[in-house]
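Have a look at the structure below before the remarks.
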Amino acid sequence: MTTSTRATESTSTTKSETAKAADTAGDAVSTAMERAREVADTAAAKAGDLAERASKATADIERSMSNRSDARLRLITTASVAFAAGLFAGGAPRLFVLVALAPAGLAGAALLDRAEESAITPV
């Protein structure tokens, strides 16, 4: 009978340890879920502010480019393309080359806008 009693105690001890481990794991999961919700809420709140700042920065850059002379815009475009070509020839990562081309795109777009505005439209 003592063997049977020990087996029963061993089984109940194993079950209680398993239950404790499951409770601990459940607590850890719920804590992680709560933290994930907090982070998501914070990110969502900051996303609107970030979008507003990006919009203002874009408008400032566009205004800055439109106030520059054609000669300066051509110089910015040429220098940017030359720098990007040098980076590309030197084996720089593509991301760096694209970032180096960004001013050329902005200045080129400003030049094209001016060309469209000054074009004579047939009647």
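The values are calculated or read from the model by the stated rules, or taken from the named source; none is laboratory data. Given the structure is predicted, the values throughout are model-derived calculations rather than measurements. Note that each Cβ is placed from the backbone with ideal geometry, even for glycine, and that neighbours are counted across all protein chains shown.
Could you list, ordered by first residue, the pairs with Cβ atoms under 9 Å in which the first is in segment 48-62 and under 16 Å from Ala107 (Cα atoms) and the second is surrounded by 10 or more Cβ atoms within 10 Å (Cβ to Cβ), at least 6 apart or interchain?
What qualifies is Ile61/Leu106; Glu62/Leu106; Glu62/Ala109; Glu62/Ala110.
Just to verify a result, which residue in segment 46-74, among those that are within 15 Å of Ala102 (Cα to Cα) and of a type in the set (S, T, N, Q), is farthest from the chain's Cα centre (by Cα)?
Only one residue fits best here, namely Ser64.
Can you tell which of Gly108, Gly86 is in a helix (DSSP H, G or I), more than 25 Å from the chain's Cα centre (by Cα) and either at pLDDT 95 or above or among the basic types (Lys, Arg) (or both)?
Gly86
Looking at Ala104, Ala115, Ala57, Ala119, which one is surrounded by 12 or more Cβ atoms within 10 Å (Cβ to Cβ) and among the hydrophobic types (A, V, I, L, M, F, W, C)?
Going through Ala104, Ala115, Ala57, Ala119 in turn, just one is surrounded by 12 or more Cβ atoms within 10 Å (Cβ to Cβ) and among the hydrophobic types (A, V, I, L, M, F, W, C): Ala104.
Quick test for you: out of Glu62, Glu38, pick the one residue that is among the acidic types (Asp, Glu) and either modelled with pLDDT of 95 or more or surrounded by fewer than 12 Cβ atoms within 10 Å (Cβ to Cβ) (or both).
After applying the criteria, what remains is Glu38.
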